[in-house]
Amino acid sequence: MKVDYKNPDYAAIYAQRTKALKRLRKKPELLPAIKDYYRANPADFISDWGVTSDPRLVERGLPSMVPFVLWPKQREWIDWVIRRWRAQKPGLSEKSRDWGLSWLSVTLGATLCLFYEGLNISYGSRKEEYVDKIGHPKALFPKARMFVENLPAEFRGTFETWRDAPHMRLTFPDTGSTMTGEAGDQIGRGDRASIAFVDESAYLARPMLVEHSLSQTTNCRMDISSVNGMNNPFAQKRHNKKLVADPEFVFICDWRDDPRKDDAWYAKQVDELDPVTVAQEIDRDYSASVEGIVIPGAWVRAAIDAAELLGIAVSGRFELALDVADEGVDKNALCGGRGIEISVAEEWSGKESDPFYPVQRAFGLCDELEVGRFRYDADGIGALVRGDARVINEQRTKAGQKTIAVEAYRGSAAVFEPEGEDVKGRKNVDYFENRKAQDWWVLRRTFQRTYRWVTAFKEALKSGNPIDPAKVCSPDEIISISSKMPNYLKLVAELSQPTYKLNGAGKIVVDKAPDGMRSPNLADGVMMRRARAEAVLRISDDVLKRVAQGVGRHMPKRRRR
């Protein structure tokens, strides 16, 4: 049944459920097969029979308890938890405010306990009142009780609330499975758990005590939280290089996945809440309260589909930039697009792969997108790209294919135009430590211009007074991030990761991976793609060949000591 989540027809949903239940009761012999189906498809069970509660519905003339019909992304989350559980692996859910994960976690736990024997699913939070408190709708276990109590008797079985749902516990007599609650420092001190959900993990008072105890309690710890800066284990796990090397470790629950919400809803939150709350709890911005961020999260978010919002026709050359993984757990990234738009953000693991492969793949993507050149990071392991590109181009020439030009970018190089003033009143040579710092600062200013234009445009829409784009900046001086890219949310997060500080000489130094965070390869690709063409070394096929042939021949000999 198709559901309009903004204006749901709950009467029609209840009517459909009543009809299905009548069919089932006419043919009770079908119940075992139906239970087998729901055992394998818990998301369907919750959507078909579950309820949820929201007191805010009353103000709209609706009952507070309504059918719990899952959105597509909520179904994906449940499937993801099941995969992690079966694989005996942990997971982390990074969520925007009001995404429904509390309801999802307890209804999933109850569903599993109804259909599986001998499970123990635990729930922990920083305070006991958030786990279980009678009459406290924010707590987890009242939600679970409501869900089970309102199931048809055919699925509820012999469960009785007065007997089987005491404080901080639900037991399921027909399967012997249990749901248990724990709070504060005691999370993980109870029985062994099949799955251990830790609610609002970023806000635990003494998280290290929980880390130690849960390590011996379960093989499937599921951390769920909104963002609370970087100084907590949740954030550190979210950005841990080894953990996120597993592509399924993190599940992002963004407000844009909620079909009830749109840009008007977001604008209302921005008007009513302080910027840090919006950034942390809605936009999942770890840098919201961090000082020294090169590109603030609000500026990056303003660039999402900015060209479409501002009515700018995207034009110009299609360009790409390759950032090669420099560690086994890092990922290769190829980013770019046409003109001001970033419409390509591809990444793939570099672990145990042939160093030649990233260059081959970049060539393949260039062919697919009909692009005749790409830039690459020539520092570190990226220096090998030059020779690999020469070999591939020689093979392409023999096969009658067009060659693809490559352009070397060196972030470690001296600043571009040292006597120029990227920042008015300061010579580049006096302001930036190197080319990397300079180009990140240029990208910062690009996002700042985009933010100012988008903000002015939205204010003009509210007031009805049109703005003169010429007074803001040229359309070619902003940046637009396409939301059609599968990785666009990850790119948005990475762009706000680098920080800056001043060195002893008073020059800006950029740190791409503060606090041991993973290298932001997608963001690096965007920075290189947006670097000024004059500051990039173009290398033709002939030059590549001559350089490769001359390697070692003209190298200066080391002096004897």
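Coordinate-derived values only; no laboratory data. Being a predicted model, the structure only gives us computed values, none of them experimental. Note that each Cβ is placed from the backbone with ideal geometry, even for glycine, and that neighbours are counted across all protein chains shown.
How far is it, in nm, from the label point at Ala264 to the one at Ser64 when both lie 7 Å from their Cα along the line to the Cβ?
2.7 nm
Only one of the values [x] 50, 27, 24; [y] 33, 29, 23; [z] 40, 31, 21 was calculated from this structure for semi-axes √(5λ) of the Cα gyration tensor in Å; name its label.
Computing semi-axes √(5λ) of the Cα gyration tensor in Å and matching it to [x] 50, 27, 24; [y] 33, 29, 23; [z] 40, 31, 21 gives [x].
Hey, what did the chain get for relative contact order, percent, Cα under 8 Å, at least 6 apart?
On the way: 944 pairs, mean separation 70.4, N = 561.
Averaging sequence separation for qualifying contacts and normalising by length gives 13 percent for the chain.
Most exposed first by the Cβ proxy, i.e. fewest other Cβ within 10 Å, how do Met527, Met222 rank?
Sorted ascending by nearby Cβ count, the order is Met222, Met527.
If you stretched the chain out fully between Leu24 and Glu129, how much longer would it get, using 0.36 nm times the residue separation minus the C-alpha to C-alpha distance?
33.9 nm
Under 14 Å Cα-Cα from Lys35, which aspartates and glutamates qualify once same-chain neighbours fewer than 8 residues away are excluded?
Those aspartates and glutamates meeting the cut-off are Asp44, Asp48, Glu117, Glu154, Asp174.
Let me check I've understood the local charge: for Gln88, count other residues with C-beta under 14 angstrom from its C-beta, Lys and Arg +1, Asp and Glu -1. What total comes out?
For residues surrounding Gln88, the net value is +4.
Would you list Asp285, Asp174 from fewest to most Cβ contacts within 10 Å? Write down the numbers at each step before the final one.
Numbers: Asp285 25, Asp174 13.
Ranking Asp285, Asp174 by Cβ neighbours within 10 Å, fewest first, gives Asp174, Asp285.
Which length gain, in nm to one decimal place, applies between Leu57 and Thr397 when the Cα-Cα distance is subtracted from 0.36 nm times their residue separation? Show your work: numbers first, answer last.
On the way: separation 340, 0.36 × 340 = 122.40 nm, distance 6.64 nm.
In short, 115.8 nm is gained.
Between the helical axis of 521-530 and the dominant principal axis of the chain, each derived from Cα atoms, what acute angle in degrees is found, rounded to the nearest 10?
40 degrees
Skipping prolines and chain starts, which residues have an amide H placed within reach, meaning under 5 Å, of the one on Asn120, given they are 5 or more residues away or on another chain?
Answer set, sorted by chain and number: Thr178, Ser194, Ile195.
How do Leu310, Leu104, Leu273 line up, fewest other C-beta atoms within 10 Å first? Kindly include the intermediate steps, with their values, before the conclusion.
Values: Leu310 17, Leu104 26, Leu273 14.
So the residues, fewest neighbours to most, are Leu273, Leu310, Leu104.
If you average 1/r across every pair of different Cα atoms in the stretch 143-272 and take the reciprocal, what Kirkwood value do you get, in Å?
Hydrodynamic radius (Kirkwood, Cα pairs) of the stretch 143-272 is 17.7 Å.
Identify all aspartates and glutamates with a Cα-Cα distance to Lys458 below 17 Å; exclude those on the same chain that are fewer than 8 residues away in sequence.
By straight Cα distance, Lys458 reaches Asp262, Asp263, Asp271, Glu272, Asp305, Glu308, Asp468.
Against the longest alpha carbon principal axis of the chain, how many degrees, from 0 to 90 and to the nearest 10, is the axis of helix 435-463 turned?
Tilt of helix 435-463: around 50 degrees.
Which of the three applies to the stretch 1-121, rounded, prolate or oblate, going by the alpha-carbon gyration tensor with a ≥ b ≥ c and a/c under 1.5 meaning rounded?
Oblate.
Could you grab the relative contact order for the stretch 70-265? Cα pairs under 8 Å, six or more apart, rounded to a whole percent.
30 percent
My understanding is that a pair violates if its Cα-Cα distance is over 24 Å; which of Lys19/Lys143; Lys127/Lys268; Lys268/Lys512; Lys241/Lys512 do that in this structure?
Lys19/Lys143; Lys127/Lys268; Lys268/Lys512
Just to check I understand the Karplus step: with θ = phi - 60° and J = 6.51 cos²θ - 1.76 cosθ + 1.60, what whole-Hz values come out for the stretch 169-183, glycine and proline as x?
7, 10, 10, 10, x, 6, 10, x, 8, 9, 10, 10, x, 9, 9
Just grab the label-to-label distance for His212 and Arg361, each label 7 Å out from Cα along the Cβ direction, in nm (one decimal).
About 4.1 nm separates the two model spin labels.
Using only Cα atoms, find the angle between the long axis of helix 72-86 and the longest principal axis of the chain, and express it within 0 to 90 degrees, rounded to the nearest 10.
The answer is roughly 90 degrees.
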